[in-house]
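Notes follow the structure.
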Amino acid sequence: MTSKPEITKLSDTVSVSPQLELSDVAALAKAGFKSIICNRPDDEAGDHPRSAAVAEAAQQAGLNFAYVPAVSGAITDQDGEKMSSALADIPAPVLAYCRSGARSTKLTEMAQAKPAKTPSTSSRFNVVIVGGGSAGIATAASMLKRNKTISLAIIDPADDHYYQPGWTMVGGGAFSAEFTHRKEKDLIPRRAQWIKSAVRSFDPENGSVATADGQNIGYDVLIVCPGIKLDWEAIDGLPETLGKNGVTSNYRFDLAPYTYRLVKDLKDGTALFTQPPMPIKCAGAPQKAMYLSCSKWEKQGVLGNIDVQFHNTGAVLFGVKEYVPALMEYVERYDVHLNLESKLVAVDGPAQIATFEQKRGEEIKRVEIKFDMIHVVPPQVAPDFVRSSPLAAESGFVDVDPDTLRHVKYTNIFALGDACSAPNAKTMAAVRKQAPVVAVNALAALEGKPPIADYNGYGSCPLTVERGKVVLAEFGYGGKLLPSFPNWLIDGTRPSRLSWLLKDTILPPVYWHGMLKGREWMVKPHRIGAE
């Protein structure tokens, strides 16, 4: 752990520590802990991570989380009862923390002196949406626009909301990081109730969701869209060197500005760009980072001094063949060394060495490459609480019918976005198309009716091949091209300045003021059986 808090073992099931940092959470999981309890109030003085941020980090690490705040010097019997309930509801071993560890110790002693209480059960809703990202908010807004009388709750622990497609542009110097950020509280639809907690488990047989803070939330219809887990730990040595030693990634809000700083400062040397196995969100983003970097180096007149390498675990540059010729023109223009079937497995930050496993025929070779900068895209998997649930397909993602996005077993459960098993590209454009489909199908399910709309697998990937030009890839299931504009206006297979305008100027306000408000511009749900 980065900050190495001093852990005191109170029993076989509970340990305590002083204040945790977010960087400690993954190491706690590695150390064998199953759960974290925060006993420090969010509004207590001091510069410490808020409970929602720790809950989100815990969820990413596969840990349960409970928030049981207690005021220093004023601990009550009720606080002890809440601690008792929390310890009964989450799996051991548990790490409880506060500012110094003293409150956690006291609360644990009080809890263990009392019989455990059963978890609280909060009210039931017509619709419960798991995930307050783009998919959850867009679907909620679309449903509430159609039916203002339903009760609807969104479960999500995060304080912050991000326009993640903008992070590529931040790494390329076109957007500021703050341009992509809003507060979650400002985006939750007015008639939706925000349950600010992480989900622990699903009980589809009884129609309820259990949260990390001990609530059981009942539903008539459930919509699951918590996003995807970025598995930084899967690459040996990566977590501890991110943000320093020339190691960066546009897949994190705080690191995208570091990408641009590295690019601006690099005048010669070796620059590596990597892509992990599929599925990942925005399959074009790994190479977008490379193209925008090369465009900057070209303008600075230093591109010829830099050995640019693209290492893709896959066997092709891009999964839809119609877009490959235009992309290859830029690979050749920037003199990029293209390495297919080359998987990043380790990063030694201080030594600036990346290790790849490269498939060459039937042989797997292990190759070490010295770098001056490396842009890493982590492997990505379904969130742990989804992967271990009865909702999961063999892939770990929520098992849905790809056309209706309804669960294959449970007719009152739907999923969309990065967490669902549909074989579409995991992009923001896909979510924008999916949300209205799920909205009308979920409303139909509330009335006991079958789905009425279908989804064609549409996804879009605006490939930023240079500053000012984009190859606008739009396609659906099976790689079928699904252009939104006539060919004379935008030929998606060729780089276009108009497509850059779309990416740079038009899509951000469409996201904030259209999609998240339930305005379905150009994405009205397609009725099943209609032309």
Taking Met143, Met110 and counting other C-beta atoms within 10 Å, the order from fewest to most = Met110, Met143
ask   = Between Arg519 and Ala102, what length in nm is gained on full extension when 0.36 nm per residue of separation is reduced by their alpha carbon distance?
value = 145.1 nm
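To the nearest 0.05, how large is the calculated FRET efficiency for Lys183 and Arg527 if R₀ is 30 Å and r is the Cβ-Cβ distance? Present the calculation step by step, with values, prior to reporting the outcome.
Details: r = 36 Å, r/R0 = 1.21.
It comes out at approximately 0.25.
With an 8 Å cut-off on Cα pairs and a minimum separation of 6 or more residues, tell me the relative contact order of the range 389-488 in percent.
Details: 172 pairs, mean separation 20.8, N = 100.
Reported relative contact order: 21 percent.
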inquiry  = Relative contact order of the range 232-378, please, whole-number percent, based on alpha carbon pairs below 8 angstrom and at least 6 residues apart.
reply    = 34 percent
task = Hey, could you get me the Stokes-Einstein D for the range 8-112, Kirkwood radius over alpha-carbon pairs, 25 °C and 0.890 mPa s, rounded to whole µm² s⁻¹?
result = 185 µm²/s
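Rounded to the nearest whole Å³, what is the per residue volume of the convex hull around the Cα atoms of the range 123-245? Mind dumping the intermediate values first?
Details: hull volume 16.5 nm³, N = 123.
Per residue, the Cα convex hull of the range 123-245 comes to 134 Å³.
Over all distinct alpha-carbon pairs, what is the Kirkwood Rh of the range 57-146 in angstrom?
Numbers: mean 1/r = 0.0639 Å⁻¹.
One decimal place: 15.7 Å for the Kirkwood radius.
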inquiry  = Taking the alpha-carbon distance from Lys321 and a cut-off under 16 Å, which lysines remain once sequence neighbours fewer than 8 residues away in the same chain are dropped?
reply    = Lys480
request  = For the range 232-378, count the residues as N, evaluate 2.2 N^0.38 Å, and divide the Cα radius of gyration by that value, please.
outcome  = 0.98
message = How far apart, in nanometres, would the label points at Ala92 and Ser201 be if each is projected 7 angstrom from Cα along the Cα-to-Cβ direction?
response = 1.7 nm
remark   = DSSP beta bridges in the range 232-378: the antiparallel percent, rounded to 5, is 45 percent
query = Tell me, what HN-Hα J-couplings in whole Hz come from the Karplus equation 6.51 cos²θ - 1.76 cosθ + 1.60 at θ = phi - 60° for each residue of the range 514-531, using x for Gly and Pro?
reply = x, 4, 6, 9, x, 8, 9, 4, 6, 9, 4, x, 7, 6, 4, x, 6, 6
query = Sorting Thr180, Thr13, Thr168 on the 10 Å Cβ count, fewest up front, what's the list?
reply = Thr13, Thr180, Thr168
key: the chain: relative contact order as a whole-number percent, Cα under 8 Å and 6+ apart   = 13 percent
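By per-residue mean of other Cβ atoms within 10 Å, what is the highest-first order of 493-501, 151-159?
151-159, 493-501
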message = Given points 7 Å out from each Cα along the Cα-Cβ axis, report the Ala31 to Ala45 separation in nanometres with one decimal.
response = 2.9 nm
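Using helices alone, what [θ] at 222 nm do you get for the chain, with -39,500 (n - 2.57) per DSSP H run of 4 or more residues, divided over all residues and rounded to the nearest 500? Intermediate results must be reported in sequence, preceding the final value.
Details: 13 runs with 129 residues, N = 531.
It comes out at -7000 deg cm²/dmol, rounded to the nearest 500.
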key: Translational diffusion of the chain, µm² s⁻¹ [Kirkwood Rh, Cα pairs; Stokes-Einstein; 37 °C; 0.692 mPa s]   = 135 µm²/s
query = Can you sort Phe485, Phe371 so the residue with the fewest Cβ neighbours within 10 Å comes first?
reply = Phe485, Phe371
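Compute the Rg/Rh shape ratio of the range 311-351: radius of gyration over Kirkwood radius, all on alpha-carbon atoms. List each step's numbers first, then the result.
Values: Rg = 12.9 Å, Rh = 11.8 Å.
Using only Cα positions, Rg/Rh for the range 311-351 is 1.09.
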query = Label-point separation (nm) for Ile506 and Gln358, each offset 7 Å from Cα along Cα-to-Cβ?
reply = 4.1 nm
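If the chain between Asp265 and Leu22 were fully stretched, how many nm would it gain, using 0.36 nm times the residue separation less the Cα-Cα distance? Write out the running numbers ahead of the final one.
Working: separation 243, 0.36 × 243 = 87.48 nm, distance 2.91 nm.
The span from Asp265 to Leu22 would gain 84.6 nm if fully extended.
Any read-out appearing in this document is the output of simple, stated calculations on the displayed coordinates, not a laboratory observation. It should be emphasised that the depicted structure is a prediction, and the values quoted were computed from it without experimental measurement. A quick note on method: Cβ atoms are made from the backbone with ideal geometry, for glycine too, and the neighbour counts reach across all protein chains shown.
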